[in-house]
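Worksheet: one structure, shown below.
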Amino acid sequence: MGMRQETLSRIVDAHRYSSFYQGDLSNHLPMALTALDGLGASGAQVAAFAARYEKKLEPLPEAEALLAAGIRRELEQDGEQAVLERRLERLLPGVCSIAFHGLVRTAYAVESGSRSELAQALAHWELGYQALGPLPEASGTLTPAQALAGVNGKRQTGGRIASRMDRAAAAPGFSALVASAGGLDLSLLSQALIEAYAATGDFTLLHGITACDAFAVLAPYMRDEGLALRYLWQALACAYASVGGASANRPVKRDDSLSWEEIERRACEATDEHDVKLAYSCRRQHRRYGGELYRQVASAALSRRVLS
């Protein structure tokens with residue numbers, strides 16, 4: 001079932017706002033509304049979320065509007081498949097851009113079916129583009145989870161996620177970490193990230209979970225999915241290195257027993273956009289791959305009762 005017209009109209013109406021606020025923070029409104037719609041939120045719940053969130057947004061600057069308008073004309077002329085193929089080829093080396101939000105918003109825009117939103121999403125990614133440097137040769141034999149298990153470093157502090165990841169990518173040993181994993185596929189990367197988040201509860205890694213989900217949506221538009229997976233792995237490994245590994249974190253334990261039905265109900269009432277997106281991504285990845293950890297992580301995020 002596609003997105004309801006009522007939700008789509010709210011997303012398009014919100015294009016009067018910039019994709020950024022407070023400098024370099026990402027406007028989550030289109031992503032959150034897409035996730036709410038996919039989780040079954042009512043029209044009233046979608047409207048209430050939008051009304052709350054819009055209060056902190058800023059007007060769309062002319063330069064961003066012009067860039068999005070140019071991409072929209074490109075989409076009208078060449079169609080989504082061709083435009084996404086060539087733009088993703090350029091953008092995927094920066095898959096981590098804006099804490100993975102360029103990737104995620106673009107994927108959600110594809111789901112919405114709106115060329116206007118897709119143009120805004122691609123403009124957002126381009127404006128916030130960040131790459132982590134050249135890919136090392138993929139010479140290792142470890143699984144992604146095994147490679148991440150060897151990370152036991154110092155947590156990066158200060159600045160936004162992007163600047164902490166930049167510092168982690170420049171640290172000694174990072175290229176060796178990226179090179180140590182081989183035989184990449186998206187299910188293995190998704191499993192490694194859900195395990196890493198469950199072990200750390202780290203906010204940076206939450207973005208890795210939503211990134212893996214978004215990558216699956218955009219995969220049909222990637223000219224070289226194998227190369228794109230290597231860029232995704234580089235970015236996910238960098239996110240994990242930036243938080244110092246599991247030993248540098250102390251996750252809060254919460255109730256992990258909620259059913260999917262209850263998780264979805266609570267997510268539709270949530271006021272935090274990250275809770276909404278995490279529930280949406282976990283639900284979809286559980287459907288793709290199975291495994292209770294997706295439900296447990298979503299339950300913990302949406303629960304209010306802290307376990308002793």
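The values are calculated or read from the model by the stated rules, or taken from the named source; none is laboratory data. This structure is a prediction, so every number in the text was calculated from the model and none was measured. Backbone-built Cβ (ideal geometry, glycine too); neighbour counts: all protein chains shown. We work out accessible area using only protein heavy atoms, side chains counted, and drop any ligands, DNA or RNA first. Shrake-Rupley method; radii C 1.70, N 1.55, O 1.52, S 1.80 Å.
Values for this structure:
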{"read-out": "Conditions (1) out of contact with any helix residue (DSSP H, G or I) (no Cβ under 6 Å at 6 or more places or on another chain); (2) open to solvent by 50 Å² or more (accessible area, probe 1.4 Å); (3) free of Cβ contacts under 8 Å to residues at least 60 places away in the same chain; number of the one not met by GLN296", "value": "(3)"}
{"read-out": "Tally, over region 1-40, of residues that are hydroxyl-bearing (Ser, Thr, Tyr) and either in a helix (DSSP H, G or I) or exposed (fewer than 14 other Cβ atoms within 10 Å of the Cβ) (or both)", "value": "3"}
{"read-out": "Those helices (runs of 4 or more DSSP H) lying entirely in region 240-307 with at least 2 residues over 18 Å from the mean Cα position of the chain (by Cα)", "value": "260-269, 292-302"}
{"read-out": "Filter result (open to solvent by 30 Å² or more (accessible area, probe 1.4 Å) and aliphatic (A, V, I, L, M)) within region 162-204", "value": "ALA162, ALA170, ALA171, ALA176, LEU184, LEU188, ALA198, ALA199"}
{"read-out": "Test: LEU236 is within 19 Å of the chain's Cα centre (by Cα) and either surrounded by fewer than 20 Cβ atoms within 10 Å (Cβ to Cβ) or within 18 Å of GLY94 (Cα to Cα) (or both)", "value": "yes"}
{"read-out": "Cβ pairs under 7 Å, 6+ apart, first in region 178-189 and more than 19 Å from MET165 (Cα to Cα), second aromatic (Phe, Trp, Tyr) and open to solvent by 20 Å² or more (accessible area, probe 1.4 Å)", "value": "SER187/TYR289"}
{"read-out": "Near pairs, Cβ below 8 angstrom, 6+ apart or cross-chain, from region 60-88 (polar (S, T, N, Q)) to any residue that is surrounded by 19 or more Cβ atoms within 10 Å (Cβ to Cβ) and at pLDDT 95 or above", "value": "GLN81/TYR221"}
{"read-out": "Hey, ASP224 open to solvent by 10 Å² or more (accessible area, probe 1.4 Å) and either modelled with pLDDT under 95 or of a type in the set (Phe, Trp, Tyr) (or both) or not", "value": "no"}
{"read-out": "Residue match in region 68-78 (condition: basic (Lys, Arg), more than 20 Å from the chain's Cα centre (by Cα) and surrounded by 15 or more Cβ atoms within 10 Å (Cβ to Cβ))", "value": "yes"}
{"read-out": "Selection count, region 111-126, where residues are out of contact with any Gly (no Cβ under 7 Å at 6 or more places or on another chain) and more than 21 Å from LEU60 (Cα to Cα)", "value": "1"}
{"read-out": "ILE209, sole failed condition from (1) in a helix (DSSP H, G or I); (2) in contact with a Phe, Trp or Tyr (Cβ under 7 Å, 6 or more places away or on another chain); (3) open to solvent by 30 Å² or more (accessible area, probe 1.4 Å)", "value": "(3)"}
{"read-out": "Residue match in region 216-226 (condition: over 17 Å from THR143 (Cα atoms), outside any helix (DSSP H, G or I) and not aliphatic (A, V, I, L, M))", "value": "yes"}
{"read-out": "Qualifying residue in region 87-98 (condition: on the phi > 0 side of the Ramachandran plot, among the aliphatic types (A, V, I, L, M) and open to solvent by 10 Å² or more (accessible area, probe 1.4 Å))", "value": "yes"}
{"read-out": "Per-region count, region 251-293, residues touching a residue at least 24 places away in the same chain (Cβ under 8 Å), exposed (fewer than 14 other Cβ atoms within 10 Å of the Cβ) and among the basic types (Lys, Arg)", "value": "1"}
